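Notes follow once the structure below has been shown.
The values are calculated or read from the model by the stated rules, or taken from the named source; none is laboratory data. The structure displayed is predicted, hence computed values, not measured ones. Reconstructed Cβ throughout: ideal geometry from the backbone, glycine too, with neighbour counts over all protein chains shown. Side chains included, ligands, DNA and RNA excluded: accessible areas come from the protein's heavy atoms. Shrake-Rupley method; radii C 1.70, N 1.55, O 1.52, S 1.80 Å.
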Amino acid sequence: PPDPGPPAVILRSVSAPARSSRGEGDAGAAASGAPRVVEAYGIRFLCGLDDVERLLTELRRRGQWARRLRGREVSSASTPGLLLVGAPSSGQRRVTRMVSRALAEVGIGGGEVHGLPADRLRERGPDGVGAALGEHAGHTVLLDGLDALILDDAAGAAFAAALYRARVEGVSQTTLVATCGPDRLGQLSAAHPELVTDLRVVHLPDLSDPAARVALLGL
């Protein structure tokens, strides 16, 4: 039989996110329950539970506050830290680039992102955490696999303590963005609440949702 073409509902779902990067399209997407797409610094991003535009505004304010406190040995002078909660390939690198550029806009870093896989940090041991972050001072570091490093490694508790000390006991000039699987956030929070509390949790889109997958296709 002749191909009837894609169902009309699919066509509407794809086209809506493409128009909803800002303004009226966002209101329409929210009213219909469709996933929201935002655009900043030439990057388009499919939101999860968190409003990424609001997050970027919050980070710019946080960055301005940190700049005003430069020269003082207080933890609030450290650059921001985030914990991205989502399955692999749900936008971790894309949102990290947006975060880095938002902070660069207020004089925190130059908009660069440096990768720091958990396996590389594991090789240096807990005592090398501070130095590893310090090597990227003034930039944004994407620590991929924080949950595995803390929960699966025999020295996980020591790594958690070292990361916390690097950010709270000193004044870190490295913006830390770490990743965590959605099914492990509760376990990580229970085991090391002080570390998770120090990081701004950002929920990435759930791509097991068919509507989110269709929106991603449109994006």
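Could you tell me which residue out of 102, 141, 131 lies farthest along the dipole of the range 99-184 toward its positive end? Charges go on the beta carbon: Lys and Arg +1, Asp and Glu -1, centred on the Cα centre.
102
Residue 97: net charge of surrounding residues, Cβ under 12 Å, Lys/Arg +1, Asp/Glu -1, itself excluded?
Summing Lys and Arg as +1 and Asp and Glu as -1 gives +3.
With a/c under 1.5 counting as rounded, go ahead and sort the range 102-219 into rounded, prolate or oblate using the C-alpha gyration tensor (a ≥ b ≥ c being the square roots of the eigenvalues; past the cut-off, prolate if a/b is larger than b/c, else oblate).
Verdict is oblate for the range 102-219.
Give me the number: length gained by fully extending residue 58 to residue 137, i.e. 0.36 nm times residue separation minus the C-alpha to C-alpha distance, one decimal in nm.
Answer, rounded to one decimal: 26.3 nm.
Under 11 Å from the Cβ of residue 168, count the other residues' Cβ atoms, weight Lys and Arg +1, Asp and Glu -1, and hand me the total.
-1
Each residue of the range 203-214 in turn: what ³J(HN,Hα) in whole Hz from Karplus with 6.51, -1.76, 1.60 and θ = phi - 60°, glycine and Pro shown as x?
8, 7, x, 8, 7, 7, 7, x, 5, 5, 5, 5
In the full protein assembly as shown, how much of residue 67 is accessible to a 1.4 Å probe, in Å² to the nearest 10?
So the heavy atoms of residue 67 present about 110 Å² to solvent.
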